[in-house]
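Each remark here refers to the structure printed beneath this line.
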Amino acid sequence: MESNLKKLLSIFAVVCFSTSSAYAYDDEDSKSPARSSVPPGKHYGGEDGGPNVMISAAYTLWTAREDGLATATSTHLTTANASITEGKVFYPDWKVRSGFKVDLGVLLDHDGWDLLAQYTWFYNKKNNLVNQPFTLGEAVSTWAVNQSQSALRTNRNKWDIWFNRIDLMLSRVFYTGHYMDMKAFLGLVGAWDKQHFDIDYVGSTGSADDEYKWRNQQDWWGVGPYAGVCPTYIFGPADSDSHFSVFLDSGIALPWSKANALMRQYYDDTTTSADMTNLDSSRNVFWGLAPMVELALGLRWETWFENNWNFLLQAAWENQVWFSHNHMINKLHVNNGPAGSYVMQGLTIKAVIGF
């Protein structure tokens, strides 16, 4: 027993010595194989390495969409033998709106890391479908449960959303070749928005016209982890002071979110002067995960000045998809599957200065 223990102790000592010898190295004469293979960083903060601070501003020209906002369909035929014509689904009249982004970044004197904060603002206002008329019996309302489906005369709707987002990112830009660099980042995303969706239906009950109004409001916010990779393909000499490049920015996030949606339904008998009757009021408070995916493909020009200043100008087509976003209550379809996705896309023009 004692001899076996001595043998085991001897073997353990040899293994420990071999392991420590394999990882030991002299900082002055050699480097760890793992660290010596690390790609060089593109930016290093400091007096000799590059700029210390980055400031940027971007103009966005985006359009937005959200699933679940259809309010009517046509053609609905009440005669069994009537000839069939292809109908249409009616949504808000999607608009293109302006917005902006602003960034503030700090280049750290540690292995080429940088720390960046970004704010995004977008207000997609007044997406209106105005007085869409129908022949009696032609169209079907997709929201009104108390109204005869064959009695719809007109449909109006209006949708708007006010969207805000803050990103905090720790990243590193490094060369993966003479004509390619890569940015890898991780951090947090926080976003919040408010949206309104109003629907007006006018239909007929006998000889009178009735009006049903729906007023929907949703407040939403989410916070969660955020990460991505952004490759850049460089044109021309890689060591030039100025060059063009094509880039693809990508990111994913998984925020924990809260949606608070309020729905009210009103009825107005247009033949009388009485006030509108409140038929229904419901509130939907929902907690859950709201995944986000984004991509931007664009063209960039970057130049470097003396004293370690640099300037960058780029234009890109950008897309963001926020899944499980629409929790407004359509009582005809409340149990028909997951909440609708919210999408923003369009042109983003950005300028960055580092000093």
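The values are calculated or read from the model by the stated rules, or taken from the named source; none is laboratory data. As the structure is a prediction and not an experimental result, all values here were calculated from the model. Note: ideal-geometry Cβ built from the backbone for every residue, glycine included; neighbour counts use all protein chains shown.
A few comments on the model shown:
- Checked against (1) among the acidic types (D, E); (2) under 30 Å from T73 (Cα atoms); (3) within 21 Å of the chain's Cα centre (by Cα), D103 meets all criteria but (2).
- Residue satisfying condition, being at pLDDT 80 or above, aromatic (F, W, Y) and in contact with a Gly (Cβ under 8 Å, 6 or more places away or on another chain), within set Y91, Y123: Y123
- The listed residue being touching a Pro at 6+ places or on another chain (Cβ under 9 Å) and either crowded, with 18+ Cβ neighbours inside 10 Å or modelled with pLDDT of 90 or more (or both), out of L152, L107: L107
- Residue in the range 173-196 that is acidic (D, E), under 30 Å from W301 (Cβ atoms) and crowded, with 19+ Cβ neighbours inside 10 Å present: yes
- Filter pass, S250 being in contact with a Pro (Cβ under 9 Å, 6 or more places away or on another chain) and polar (S, T, N, Q): yes
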